[in-house]
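Visitor: Okay, here's the structure, questions in a sec.
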Amino acid sequence: MPLIDIKTAAALMDPLASLVAKAGASVLAIKRDHLTIAGKADGTPVTDADLASDAIIADGLARLCPDIPALSEERVHLATPPYAGSLFVIDPLDGTKEFIAGRDEFTINVALVTDGVPQLGIIGAPALGLIWRGLVGGGAERLAVTADARLGTPEPIRTRPFPPGGAPWIAAVSRSHGDSRSSAFIDSRPGAVRKPLGSAVKFCRIAEGGADIYPRLAPTGEWDVAAGHALVVAAGGKITDGRGESLRFGQSRDGFLVPEFIAWGDPAAAP
């Protein structure tokens, strides 16, 4: 399969951000009190908004990079793993439960994975009016986005050093998907302050220095993680599994599940 190098990936940052902004505008245009909601085989919901966003992203990627395969949560039945070379990994609406509930912390996630490693990540939070994006080796940025998909001026962001001298550190935790192992991991760090957040916004807060760690020690989809992985690493952080090992994406893992991960703002804090 074709390989996208860092120079080509850098050139894709603006058109991909514009594509995420356009998908976000399509989601905002859908009235939440008139949603069609269906259940998927795994018990998670899918709505008109998920499908509208997915259609825009699929069309845009086919125009931008027709030779690069795409793995989307809403089209996973079409996947043909394992993937070598470059691959787009997409969650057209991360935090569907947040969206249905009327909250603002839902995102559109697009990642470029090369040889199993996230290289570029874009996370749009249309209801918050923000996009975060990062290119590993090229830094990370946050920019405003309007409801009609116009992008603002990028602002560089970085993760923050681990709080020194025993100061409390902030753990980003899921508002909708708690699990006992992640909770125990945080409990073992005395003084940790939990910061409940929805969707991939948790990665974004790590990347911009608003939180220190995000443990998810339970299975989740690759599309939930890949863009955040690239963003956090580009911003100076690190993503590992519970043993400190690296993650790989687009391989032949059953159901494209990430068994566990921890996002560290300060790589020196990771094992």
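Values quoted throughout were computed directly from the atomic coordinates according to the rules given, and no laboratory measurement underlies them. The shown structure was predicted, so the numbers you read here are calculated from the model rather than taken from an experiment. Cβ atoms come from the backbone with ideal geometry, glycine included; neighbour counts cover every protein chain shown.
Visitor: Tabulate in residue order the Karplus-calculated ³J(HN,Hα) for the range 11-21, using 6.51 cos²θ - 1.76 cosθ + 1.60 with θ = phi - 60°, rounded to whole Hz; enter x for Gly and Pro.
Guide: 5, 8, 4, 5, x, 6, 4, 5, 5, 5, 4
Visitor: Quick one: Karplus J couplings for the range 261-271, per residue in order, coefficients 6.51, -1.76, 1.60, θ = phi - 60°, nearest Hz, x for Gly and Pro?
Guide: 7, 9, 9, 10, x, 10, x, 5, 7, 6, x
Visitor: What 222 nm value per residue comes from the helices of the chain, counting each DSSP H run with n ≥ 4 as -39,500 (n - 2.57) and dividing by all residues, nearest 500 deg cm²/dmol?
Guide: Working: 6 runs with 73 residues, N = 271.
It lands at -8500 deg cm²/dmol.
Visitor: Using per-residue counts of other Cβ atoms within 10 Å, averaged over each peptide, order 230-236, 153-159 from highest down.
Guide: Details: 230-236: 27.6, 153-159: 15.4.
Averaged packing, sorted descending, gives the order 230-236, 153-159.
Visitor: I'd like to compare 66-78, 120-132: which one has the highest average count of other Cβ atoms within 10 Å, and what's the full order after that?
Guide: Details: 66-78: 16.2, 120-132: 25.2.
Descending mean neighbour count gives 120-132, 66-78.
Visitor: Quick one: what do you get for the range 6-156 if you divide its Cα Rg by 2.2 N^0.38 Å? Can you show the working numbers first?
Guide: Working: Rg = 14.9 Å, N = 151, 2.2 N^0.38 = 14.8 Å.
Compactness ratio reported: 1.01.
Visitor: May I ask which residue of Ser176, Ala58, Ala70 lies farthest towards the positive end of the charge dipole of the chain, with charges of +1 (Lys, Arg) and -1 (Asp, Glu) on Cβ and the Cα centre as origin?
Guide: The residue sitting farthest along the positive end of the dipole is Ser176.
Visitor: Hey, another quick one. State the label only: which of (1) 156; (2) 130; (3) 116 corresponds to volume of the Cα convex hull per residue in Å³ computed from the shown model?
Guide: Computed from these coordinates, volume of the Cα convex hull per residue in Å³ corresponds to label (3).
Visitor: Which residue, Phe162, Gly137, Thr47, has the largest displacement toward the positive end of the dipole of the chain when charges sit on each Cβ (Lys, Arg +1; Asp, Glu -1)?
Guide: Phe162
Visitor: Relative contact order of the range 109-190: what whole-number percent is it, with Cα pairs under 8 angstrom and at least 6 residues apart? Walk me through the numbers before you get to the answer.
Guide: Details: 91 pairs, mean separation 11.8, N = 82.
Relative contact order of the range 109-190: 14 percent.
Visitor: To the nearest 20 debye, what is the magnitude of the charge dipole of the range 179-271 about its Cα centre, counting +1 on the Cβ of each Lys and Arg and -1 on the Cβ of each Asp and Glu? Please report the intermediate quantities before stating the final value.
Guide: Numbers: 11 positive and 11 negative charges, 29 e Å.
So the dipole magnitude of the range 179-271 works out to roughly 140 debye.
Visitor: Let me ask something else. How big is the antiparallel share of DSSP beta bridges in the range 170-269, given as a percent to the nearest 5?
Guide: Working: 9 of 15 bridges.
Bridges in the range 170-269 that DSSP calls antiparallel: roughly 60 percent.
Visitor: Sort the following peptides by mean Cβ neighbour count (other Cβ atoms within 10 Å, averaged over residues), highest first: 212-220, 80-88.
Guide: Values: 212-220: 21.4, 80-88: 18.3.
For the peptides 212-220, 80-88, the packing ranking is 212-220, 80-88.
Visitor: I'd like the Karplus ³J(HN,Hα) series for the range 115-124: coefficients 6.51, -1.76, 1.60, θ = phi - 60°, whole numbers in Hz, and an x wherever there's a Gly or Pro.
Guide: With the stated coefficients, the range 115-124 comes to 6, x, 10, x, 10, 9, x, 10, 10, x Hz.
Visitor: Let me ask something else. On the first, second and third principal axes, largest extent first, how far apart are the outermost C-alpha atoms of the range 95-235 in Å?
Guide: Computed over the Cα atoms, the extents are 43, 35, 30 Å.
Visitor: Quick one: putting +1 on the C-beta of Lys and Arg, -1 on the C-beta of Asp and Glu, what dipole do you get for the chain around its Cα centre, in Debye to the nearest 20?
Guide: 560 debye
Visitor: May I ask you to give the average projected area over all directions of the convex hull of the Cα atoms of the range 170-269, in nm² rounded to one decimal? Walk me through the numbers before you get to the answer.
Guide: Working: hull surface 23.7 nm².
Projected area, direction-averaged: 5.9 nm².
Visitor: May I pose another question? Output the antiparallel fraction of DSSP beta bridges having both residues in the chain, as a percent to the nearest 5. Let's see the in-between values first.
Guide: Values: 42 of 51 bridges.
Beta bridges within the chain, antiparallel portion: roughly 80 percent.
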